[in-house]
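For reference, the structure discussed in these notes is given below.
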Amino acid sequence: MEEEGNVEEGAAEEEIGRGQRLKDEAERITEAILPKPAREHLVRAGSEMLLALDYMIPRDKIPDDVKQHLIAAKRETLMIWKCLLDAQLNVIKEMERKPQEEEPGLRKIELE
């Protein structure tokens, strides 16, 4: 029984590692296609467009099917923000894991 538990744990860890590798690869590809400033601009532009639509049309005049599309668009916009924030948090975590290297030519001087 104990061996089965170890096998299941190993498979779960392998799946987590595979998921992380896929996520890392997706982030790398995204960065290669759309540089960070372009992604930020795209998200800001999309958010502004949604806000403009919200204020442009009174809610009681919007047909129900259009409301559903607006809600879906808002959800997707928020998901974009969530993905970008998650990617940035991953970068910060990596920076925290790696020891900070001193820049060449700089050294700490102790003063008494």
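Computed values, structure above
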{"quantity": "Output for region 83-96, where each listed residue is charged (D, E, K, R) and closer than 17 Å to Pro35 by Cα", "calculated": "Asp86"}
{"quantity": "Which numbered condition Ile29 fails, given (1) at pLDDT 75 or above; (2) hydrophobic (A, V, I, L, M, F, W, C); (3) under 22 Å from the mean Cα position of the chain (by Cα)", "calculated": "(1)"}
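Conditions (1) among the hydroxyl-bearing types (Ser, Thr, Tyr); (2) touching a residue at least 60 places away in the same chain (Cβ under 8 Å); (3) closer than 27 Å to Val91 by Cα, marked per residue:
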residue: Arg21; (1), (2), (3): no, no, yes
residue: Thr30; (1), (2), (3): yes, no, yes
residue: Met49; (1), (2), (3): no, no, no
residue: Asp54; (1), (2), (3): no, no, no
residue: Pro63; (1), (2), (3): no, no, no
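The values are calculated or read from the model by the stated rules, or taken from the named source; none is laboratory data. The structure displayed is predicted, hence computed values, not measured ones. Note: ideal-geometry Cβ built from the backbone for every residue, glycine included; neighbour counts use all protein chains shown.
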